[in-house]
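Only one structure is covered here, and it is reproduced in the block below.
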Amino acid sequence: MRLPAGARFNIVGAGLAGALLALLLARRGLAIALYERRADPRQARPERGRSINLALAARGMRALERAGVLESVRPLLIPMRGRMVHDRAGAVALQPYGQREHEVIYSVGRADLNRVLIEAAVQHGNVSVHFNQQCLGADLATEHLSLRDAVAGREYQLPLAPTIATDGAGSAIRASLAAAQLLRVREEWLDHDYKELTIAAPAGALERHALHIWPRGGFMLIALPNTDGSFTATLFLARAGPRSFAALTTAAAVQEFFAREFADALPLLPDLAAQFAAHPQGQLGTVYTLPWHVRGEVLLLGDAAHAIVPFHGQGMNAAFEDCAELDALLDASADRQELFARFEESRRPNTTAIAQMALENYLEMRDAVLDAGFVRRKALAMALERRFPERFIPRYSMVMFHPEIPYAEAQRRGILQEQLLHELDRAGGGDAAGDSPLAARLIRERLAPIGAGP
Ligand SMILES: Cc1cc2nc3c(=O)[nH]c(=O)nc-3n(C[C@H](O)[C@H](O)[C@H](O)COP(=O)(O)OP(=O)(O)OC[C@H]3O[C@@H](n4cnc5c(N)ncnc54)[C@H](O)[C@@H]3O)c2cc1C
């Protein structure tokens, strides 16, 4: 698209997607005005209550590389080679994520990553960032954005310009467009919430290069490493019921629950009761929005358009992929309306697929990883990948390590592969089943070479 140099875009929300998008668009000579509700993270302490660290994988890294910022992010990254599964008796076992040296995911601190992205964006003369500015909504009738300056305590309006809304899962812009019946929104909340707890450094015997999981069937604790030697643990648990947050209302109940369910984690949390009482309990859900854009004037992107549950560690990765896709489509679109429409057409099937796979992964993480059949099929999948790398890649690996395979294609192939794994597992032979003539026949019949289409 031939946008005149200096053409202006508003971006609302300087979170992970907003900051990266500002950088990508500024590199093309566009003038970006970025409005953010929070204070400048380069000066203020990070907001409490958001996930403190996140898993970054190949899709996100590819987008960071496209923006020329990956090398600035690298010092923040801690490789995690697999899931370290803790059973009730305290025994641990590593389930590697992939089988090649580079098949790892990375733990990264949200606040540090956001700061690096904002620093990179503002280094471009084309980006102006306005902190402490809360967007109240967009009005398409008058073509204005309404904002509130939290420092001056006044409300004001800006021309729509156009605007890209990257104001996250609770997007005020999305809400205002839905209220004006310009789009429809469905929010599906899980009946499970989360709470974060800090395991201070030194974190005892916890292996640093792994994502730790205490799967308990119906709920789980996980922990990701931080660069200062601490870990951030997250408890995912039902909101109500006998084993739930609602049942953990006293220090004694919390202590007793952890002693029973996560005995080997308890010594790492000497201040458990105080943290549990002080830290917020977060909600988890999926946001479905239709459409994502209005008249070439407003586009929703990242969580604002399609927030997902965190169990595949892909929300940020998908939001970064959105940014890269919009940037790529700028070359191929005649005008803004076409650009936004193409973006939605290209991204919607993929974000719908990852939303579904993320929900499925909760069941896998909290229940299946301890199941003997699951572990057997996982080993068989690895064996098949070694033997037929051009046709069979485990679904988890397609999502995490293969950004060239769109999410929707990973989901489609994943369904075929899962059926095949069950059939081969039933036929017996363990990992060796991967070498059987039956495996070779079924794979050739059902799975076209990757990249060759259905
Ligand atoms: C517990 C948990 C764990 C997660 N783990 C992972 C993981 O391991 N890997 C992964 O890839 N993803 C993970 N995610 C998902 C990830 O956090 C999101 O997908 C990602 O942050 C989306 O980026 P975004 O820029 O769209 O939204 P956000 O990062 O939420 O940014 C939105 C920005 O907009 C600002 N804002 C909000 N409202 C307004 C307003 N009205 N006016 C102005 N500014 C506003 C906010 O302050 C913020 O800066 C996790 C999420 C949760 C809740």
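The values are calculated or read from the model by the stated rules, or taken from the named source; none is laboratory data. All of these numbers come straight from a predicted model, not from anything done at the bench. With ideal geometry, Cβ positions are generated from the backbone for all residues, glycine too; neighbour counts draw on all protein chains shown. To get the accessible areas, we keep the full protein, side chains included, count just its heavy atoms, and leave off ligands, DNA and RNA. Shrake-Rupley method; radii C 1.70, N 1.55, O 1.52, S 1.80 Å.
Given segment 21-125, what helices (runs of 4 or more DSSP H) lie entirely inside it while holding 3 or more residues that are touching a strand residue (DSSP E or B) at 6+ places or on another chain (Cβ under 8 Å) and surrounded by 18 or more Cβ atoms within 10 Å (Cβ to Cβ)?
Qualifying helices (runs of 4 or more DSSP H): 110-122.
Condition check ((1) without any contact (Cβ under 8 Å) to a residue 24 or more places away in the chain; (2) in contact with an Asp or Glu (Cβ under 8 Å, 6 or more places away or on another chain); (3) farther than 30 Å from Arg81 by Cα) across all residues:
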| residue | (1), (2), (3) |
| --- | --- |
| Arg186 | no, no, yes |
| Arg208 | no, no, no |
| Trp214 | no, yes, no |
| Asp228 | no, no, no |
| Ala253 | yes, no, yes |
| Phe262 | no, no, no |
| Ala273 | yes, no, yes |
| Trp292 | no, yes, yes |
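So which residues in segment 14-35 are of a type in the set (A, V, I, L, M) and more than 15 Å from Glu321 (Cα to Cα), if there are any at all?
Those that are of a type in the set (A, V, I, L, M) and more than 15 Å from Glu321 (Cα to Cα): Ala14, Ala26, Leu30, Ala31, Ile32, Ala33, Leu34.
Which members of segment 378-416 meet the condition of being part of a helix (DSSP H, G or I), open to solvent by 40 Å² or more (accessible area, probe 1.4 Å) and over 20 Å from Glu321 (Cα atoms)?
Once the filter is applied, which keeps residues that are part of a helix (DSSP H, G or I), open to solvent by 40 Å² or more (accessible area, probe 1.4 Å) and over 20 Å from Glu321 (Cα atoms), segment 378-416 yields Lys378, Arg386, Arg387, Ile415, Leu416.
Taking Asp322, is it in a loop (DSSP other than H, G, I, E, B) and in contact (Cβ under 8 Å) with a residue 12 or more places away in the chain?
no
Modelled with pLDDT under 95, of a type in the set (Lys, Arg) and farther than 20 Å from Leu21 by Cβ, is that true of Arg216?
yes
Of all residues in segment 168-192, count the ones that are open to solvent by less than 40 Å² (accessible area, probe 1.4 Å) and within 15 Å of the ligand (Cβ to nearest atom).
So the answer is 10.
Being more than 16 Å from the ligand (Cβ to nearest atom), among the hydrophobic types (A, V, I, L, M, F, W, C) and open to solvent by less than 20 Å² (accessible area, probe 1.4 Å) is the filter here; which residues of segment 277-313 pass it?
Selection gives Val294 alone.
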